[in-house]
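Each remark here refers to the structure printed beneath this line.
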Amino acid sequence: MTRIGVLVVAVACGVLAGQVPAGADVPEPGGYQVDPAAGDDNSGTGSTPRPFRTISRALAAAQPGETVFLRPGAYDEHVVTVRPGVTITGPRDAVLRGADDSRRVLEVQHDDTTLNGFTIDGKICADLVEACYRDKAVWVQSTVPHDGVTGTKILGLRVTNLGGECIRLKYFTSRSIVAGNTVGPCGIHDFVIPNTGSGQTGEGIYIGTAPEQLDRNPSPEPDLSNDNQVWDNVIDTQAGECVDIKESARGNDIADNICTGQQPRNANSGAMESRGPGNTFRSNHIHHNAAAGIRLGGDRPGDAVGNSIHHNTITDNARGGIKIQDAGPHGRICGNVMHANEGGNTVGAHKDGVGDPTAPC
């Protein structure tokens, strides 16, 4: 066989075996590139030289286990997940801002989604009016009745300038990790824009569903948004609670966070709050809030039993250190460093039901 014949056969065998010639314009294995300035959703392939323009186009292509890589720039789109097991990752100067009249910027509706590194900024115009601020940054909720989202990871995001809650986990959302994020301000609609109402929506991280809102879920039973981990975040809402856990949500672990900036309109609450049972607050630094540092208590007696509060630093809060509004029984409340909390280290209707929260565990 001639040398040319050998080359032809070799190339043909390579094609038949599924090999792609070097330099071919295909997406990198396991990932899709997105560039809001230079990309194109029609002619792009998601490869490095030919990125997509929108995250939504990349999510339509991405399969479980694959990654959407964001390049720096402004992403003016309402993003909704398409399949489970997809990662969206980008630098801090990749900024999602929502689109049109969407109240939510990014909706997670599928299991094992990872969000990593980028920014969500809800401010879309300069005026101090409600229309200039998106309501929610990240909204994690299944649309399938009786089947919650599991395994969400929200890691290292900057989440800022939201009209309402910054991050919301609800409707049986479980086994999530929310870690290393910078959160706030939130609650601009109720707390910053001049208004005559009494609304207090502006939580940094909100877990579960309030009983009076259960009928808004795909099914109306109590919301068991359980076993989520909120770790190592810096939360300065300039509005409502840093972390708010609603009735029936249990087994959530709130640890190693910095929490500050809660405002007087929300002063009857706590900077961190559990209205459900069996949640843990540990090793957090909770300081300079207009409410109590941590509050325990739900709509009904017995809603907020079995919660543990230990090894936190709780200082300089305007309505006490730990506010006890449920008779219990409670979990471990001990080992905390506390000072300069107005009204004392423990306050509330059932403060006498717990011992010294600074005693060794």
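The values are calculated or read from the model by the stated rules, or taken from the named source; none is laboratory data. Just so it is clear, the model here is predicted, and its values are computed rather than measured. Every residue, glycine as well, gets a Cβ built from its backbone with ideal geometry; the counts of neighbours run over all protein chains shown.
Here are a few things to note about the model shown:
- Here Ile207 meets each of (1) more than 15 Å from the chain's Cα centre (by Cα); (2) within 21 Å of His146 (Cβ to Cβ) with one exception, condition (1).
- Residues of segment 212-259 classified as of a type in the set (A, V, I, L, M) and within 14 Å of the chain's Cα centre (by Cα), total: 6
- From the options Thr209, Thr201, residue that is surrounded by fewer than 24 Cβ atoms within 10 Å (Cβ to Cβ), assigned to a loop (DSSP other than H, G, I, E, B) and among the hydroxyl-bearing types (Ser, Thr, Tyr): Thr201
- Condition broken by Tyr75, with the remaining ones in (1) surrounded by 17 or more Cβ atoms within 10 Å (Cβ to Cβ); (2) closer than 21 Å to Gly151 by Cα; (3) in contact with a Ser or Thr (Cβ under 8 Å, 6 or more places away or on another chain) satisfied: (2)
- Residue that is nearest to Val337 (Cα to Cα) [pool: residues in segment 270-322 that are among the polar types (S, T, N, Q) and crowded, with 24+ Cβ neighbours inside 10 Å]: Asn312
- One residue stands out among those in segment 265-298 that are farther than 19 Å from His311 by Cβ and among the polar types (S, T, N, Q): the one that is farthest from the chain's Cα centre (by Cα), which is Asn268.
- The lone criterion from (1) within 21 Å of the chain's Cα centre (by Cα); (2) farther than 22 Å from Trp231 by Cβ left unmet by Gln262 is number (2).
- Flag if Cys186 is out of contact with any helix residue (DSSP H, G or I) (no Cβ under 7 Å at 6 or more places or on another chain), crowded, with 20+ Cβ neighbours inside 10 Å and not in a loop (DSSP other than H, G, I, E, B): no
- Every residue from segment 344-355 that is in contact with a strand residue (DSSP E or B) (Cβ under 8 Å, 6 or more places away or on another chain) and part of a loop (DSSP other than H, G, I, E, B): Asn345, Gly348, Ala349, His350, Val354, Gly355
- Test: Ala179 is at pLDDT 95 or above, small (Gly, Ala, Ser) and either over 12 Å from the mean Cα position of the chain (by Cα) or crowded, with 20+ Cβ neighbours inside 10 Å (or both): no
- Candidate set: segment 137-165, residues that are more than 21 Å from Asn226 (Cβ to Cβ) and buried (at least 24 other Cβ atoms within 10 Å of the Cβ); chosen: the one farthest from the chain's Cα centre (by Cα): Gly163
- All positions within segment 323-348 that are within 17 Å of Gly278 (Cβ to Cβ) and crowded, with 24+ Cβ neighbours inside 10 Å: Ile324, Asp326, Ile333
- Residues that are aliphatic (A, V, I, L, M) and touching a His at 6+ places or on another chain (Cβ under 9 Å), drawn from segment 97-115: Ala99, Val105, Leu106
- Residue within segment 51-72 that is in contact with a helix residue (DSSP H, G or I) (Cβ under 6 Å, 6 or more places away or on another chain), closer than 24 Å to Asp121 by Cβ and surrounded by fewer than 18 Cβ atoms within 10 Å (Cβ to Cβ) present: no
- Check on Leu214, over 27 Å from Arg158 (Cα atoms), in contact with a Pro (Cβ under 8 Å, 6 or more places away or on another chain) and of a type in the set (A, V, I, L, M, F, W, C): yes
- Near pairs, Cβ below 6 angstrom, 6+ apart or cross-chain, from segment 40-66 (over 19 Å from Thr119 (Cα atoms)) to any residue that is among the hydroxyl-bearing types (Ser, Thr, Tyr): Asp41/Thr54; Gly46/Tyr32; Ala61/Tyr32; Ala62/Tyr32
- A single member of Arg97, Arg71, Arg158 is of a type outside the set (A, V, I, L, M, F, W, C) and within 30 Å of Ser248 (Cα to Cα), and it is Arg158.
- Strands (runs of 3 or more DSSP E) contained entirely in segment 253-321, each with at least 1 residues that are touching a residue at least 24 places away in the same chain (Cβ under 8 Å) and closer than 22 Å to Gly202 by Cα: 253-255, 258-260, 270-274, 280-282, 285-287, 292-296, 313-315
- Scanning segment 172-218 for residues that are in contact (Cβ under 8 Å) with a residue 24 or more places away in the chain and of a type in the set (Lys, Arg) yields a single hit, Arg175.
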